[in-house]
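One structure is given below, encoded as C-alpha cells.
The values are calculated or read from the model by the stated rules, or taken from the named source; none is laboratory data. Everything quoted here is computed from the prediction, not taken from an experiment. Glycine also receives a Cβ, built like all others from the backbone with ideal geometry; neighbour counts cover every protein chain displayed.
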C-alpha cells in the first residue's frame, strides 16, 4: 500500500479542475491582453474567475490580484505595502516568529536594507499567538501586522478575527500618521486554512489575504492576494499593466480557471474524527511521543508529533521506503539544515525540533491508510530507537 500523508505540502490536481482548465490549454489559449476574439475569450475567463472567487471571500472582484503562488502573494503584501507607504516614516511591522518563510524572509530583507523594523511575536506552548502580545507590540509607527491563519507545520489555528478586530479598535484610537484611511494594515497567510475555515474577509477583519492553488487541488504556480480597497500597495514585479498594475506578466489563464474551480469545489471535509483517532493511537501505542501544538485549536488535516530520542528525518526516510509520504515540516524548507523554526519558536528545544514529523491528511485519506501508516510508524520508531545515539534518561550523546 502507498499512503500519501503530506497534503499540507501539496495536493493532486482534482479531475474536475483539470477538465475546467483543458479548454484554455488547447482551444481558448489567447493572450488575455489581446483585443481579438481569442484574447477576449481568455479575458472573459479571468473576469468570471475573479467574480466567482470574490463571492467566496465576500469581497469585490477588483480586490483580487492573481499571482504565481502563495509565496509571491505574501511578498507582494509585505514589500508592496511598505513600498506603497513610501518613506514618510520609519515603518514598523509585527509578525510571528513561526510564520512561513514567505513572510519571514521579506521581513528580514526589509530589516537588512533599513526599510523597516520588525517585531517577531513568539507563540505560547500551545502554538498560538496571543492577541494581547500583538496589542502590546504596537507602536506609533506600526503600519503592518502579518499573522498566518493556520501554522503550516503544526496546524494550530491563530485568532485572526480577534486580531483584526483589535487592530480596528487601535486604528480608531489614534490619528492616522501615514496619510491613508487607517494606520495599521492586517495581512494573513491563509494558505492552510482555505479548505477548512471561514474565509470571508469582513468576518476575519483582514486587509490582505493569501491563497495558494496547489494546497486545495489546483495546479502549482497559481495563487492570489486579496487586497482591501484603500490599502496602499505597489507592484514588486514590473513590466506590463496586468492585474491593475500590481502583477506584471501575461496572466496564466488555465491555472486561474483551475484555482477558481478548486475553490468552487471546496466542501468542509469531516476529517476531525479521523485525525483525532490517528493522534490518540500514535500517542497511546508508541512510547514517548508528544503532540506539537494545541489538540483543540487546530485544523483537521495537520498533525505534528515529537518522537523523543529519534531524528525526524530518519522517520521520514524510513516511512518513504515503506511507501508512506510525510515530512519534517514545511516543504519550502525541506532542504534546509537548520531545525524547524516553528518548533524552536515554541519550545526552544533543538532535540524536539529535530525529532518532529508532520503528517497531513485530506478528504482522500482513509482509515485503512492511517491504520497501515501507524503500524509502519511503530516498526520504524522501535527500530530507530534501538540504534539511537541518545540515552533514554537524558537528551545527550552516549
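Things worth noting here:
- Single unsatisfied condition, residue 88 versus (1) in contact with a strand residue (DSSP E or B) (Cβ under 6 Å, 6 or more places away or on another chain); (2) modelled with pLDDT under 95: (1)
- Of the residues making up the range 289-310, those that are in a loop (DSSP other than H, G, I, E, B) and free of Cβ contacts under 8 Å to residues at least 24 places away in the same chain are 295, 296.
- Residue count for the range 108-128 satisfying the condition of being within 17 Å of residue 139 (Cα to Cα) and in contact with a strand residue (DSSP E or B) (Cβ under 9 Å, 6 or more places away or on another chain): 7.
- Any hit, the range 335-346, residues being in contact with a helix residue (DSSP H, G or I) (Cβ under 6 Å, 6 or more places away or on another chain), at pLDDT 95 or above and assigned to a loop (DSSP other than H, G, I, E, B): no
- Of all residues in the range 40-58, those that are closer than 30 Å to residue 151 by Cβ and either buried (at least 20 other Cβ atoms within 10 Å of the Cβ) or under 15 Å from the mean Cα position of the chain (by Cα) (or both) total 4.
For (1) assigned by TED's automatic domain parsing to the domain that holds residue 363; (2) touching a helix residue (DSSP H, G or I) at 6+ places or on another chain (Cβ under 8 Å); (3) crowded, with 21+ Cβ neighbours inside 10 Å; (4) touching a residue at least 40 places away in the same chain (Cβ under 8 Å), each residue gets a yes or a no:
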{"site": "235", "(1), (2), (3), (4)": "no, yes, no, yes"}
{"site": "241", "(1), (2), (3), (4)": "no, no, no, no"}
{"site": "255", "(1), (2), (3), (4)": "no, yes, yes, yes"}
{"site": "280", "(1), (2), (3), (4)": "yes, no, no, no"}
{"site": "284", "(1), (2), (3), (4)": "yes, no, no, no"}
{"site": "327", "(1), (2), (3), (4)": "yes, yes, yes, yes"}
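- Qualifying residue in the range 113-129 (condition: over 18 Å from residue 227 (Cα atoms) and without any contact (Cβ under 8 Å) to a residue 12 or more places away in the chain): yes
- Within the range 5-37, the set of residues being over 25 Å from residue 189 (Cα atoms) and part of a helix (DSSP H, G or I) comprises 15, 16, 18, 19, 20, 21, 22, 23, 24, 25, 26, 37.
- Residue 50 meets the conditions (1) assigned to a loop (DSSP other than H, G, I, E, B); (2) free of Cβ contacts under 8 Å to residues at least 60 places away in the same chain in every case but one. The failed one is (1).
- Listing of helices (runs of 4 or more DSSP H) fully contained in the range 73-185 that carry 2 or more residues being surrounded by fewer than 22 Cβ atoms within 10 Å (Cβ to Cβ), outside the structural domain of residue 223 (by TED's automatic domain parsing) and in contact with a helix residue (DSSP H, G or I) (Cβ under 8 Å, 6 or more places away or on another chain): none
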